[in-house]
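Chemist: Have a look at the structure that comes next, please.
The values are calculated or read from the model by the stated rules, or taken from the named source; none is laboratory data. Everything quoted here is computed from the prediction, not taken from an experiment. Cβ atoms come from the backbone with ideal geometry, glycine included; neighbour counts cover every protein chain shown.
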Amino acid sequence: MDIASFVDTLAGKWFSQRTTHYLANQTSKAGQSNLLIEVLPATDASLVELCEAQGQEAAQILCGLKIDQDSRMDGDTRNTQRTTLMVMLQPGDDGQGVLLQASPKEPVPQGQYGFDDDVLTLTTQTPEGTVQERLWFANPNLRMRTSVFKVGDQEQMASFCSEIRMGGAPAKD
């Protein structure tokens, strides 16, 4: 499978069950999310606009996603809702590529992606530290996702999500 085919498999409506571990104070929180993921064509105006805003050539767009998220962590009284655009530019010879992201409520720095052994790895350097997220499929309707947040060489937070496809796009065998 190549990166574009993998991204196509992300489309649909997903239920996500998440556990987040805060390593400094040894606490954990659980949470749930409903995700609606839409694969956008490389010519989509919002993807082209994102590329231009971040100084990238729109002709380099490999694929893009629109992710609508409705989440709640245990103990929170309100849901968090957000929409994120993600653009993956054509990979280099090493298989790594530039990842562009935009969320209306917060600026998201440019990142990198890699795809190896059917695992997508997204790495974003923020002012606070580095976030590395990995996604893979256990079967066409069950996706796993981990993320680690580091400050320098020290892990501060780690999370694990199991995500079940609830519909919206046919599962491919």
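Chemist: Residues to consider are Q132, Q112, Q125; find the one that is of a type in the set (S, T, N, Q), within 16 Å of the chain's Cα centre (by Cα), more than 20 Å from E57 (Cβ to Cβ) and modelled with pLDDT of 95 or more. Quick ask: steps written out before the conclusion?
Modeler: Values: Q112 fails: more than 20 Å from E57 (Cβ to Cβ); Q125 fails: modelled with pLDDT of 95 or more.
Answer to the selection: Q132.
Chemist: Check off (1) surrounded by fewer than 19 Cβ atoms within 10 Å (Cβ to Cβ); (2) touching a residue at least 40 places away in the same chain (Cβ under 8 Å) for Y113 and give me the number that stays unchecked.
Modeler: Evaluating Y113 over (1) surrounded by fewer than 19 Cβ atoms within 10 Å (Cβ to Cβ); (2) touching a residue at least 40 places away in the same chain (Cβ under 8 Å) leaves (1) as the failure.
Chemist: Going through the range 84-96 one residue at a time, which ones are crowded, with 20+ Cβ neighbours inside 10 Å and in contact (Cβ under 8 Å) with a residue 24 or more places away in the chain? Outline the logic, then answer.
Modeler: Within the range 84-96, the subset crowded, with 20+ Cβ neighbours inside 10 Å is 85-89.
Residues satisfying the conditions are L85, V87, M88, L89.
Chemist: In the range 89-120, what residues are within 20 Å of Q69 (Cα to Cα), assigned to a strand (DSSP E or B), out of contact with any Ser or Thr (no Cβ under 8 Å at 6 or more places or on another chain) and not hydrophobic (A, V, I, L, M, F, W, C)?
Modeler: Once the filter is applied, which keeps residues that are within 20 Å of Q69 (Cα to Cα), assigned to a strand (DSSP E or B), out of contact with any Ser or Thr (no Cβ under 8 Å at 6 or more places or on another chain) and not hydrophobic (A, V, I, L, M, F, W, C), the range 89-120 yields only E106.
Chemist: Let me spell it out: the conditions are (1) over 18 Å from M144 (Cα atoms); (2) small (G, A, S); (3) surrounded by 17 or more Cβ atoms within 10 Å (Cβ to Cβ), and S33 meets all of them except one. Which number is the exception?
Modeler: (1)
Chemist: Which of the residues that make up the range 116-173 are free of Cβ contacts under 8 Å to residues at least 12 places away in the same chain and surrounded by 17 or more Cβ atoms within 10 Å (Cβ to Cβ)?
Modeler: Scanning the range 116-173 gives no hits.
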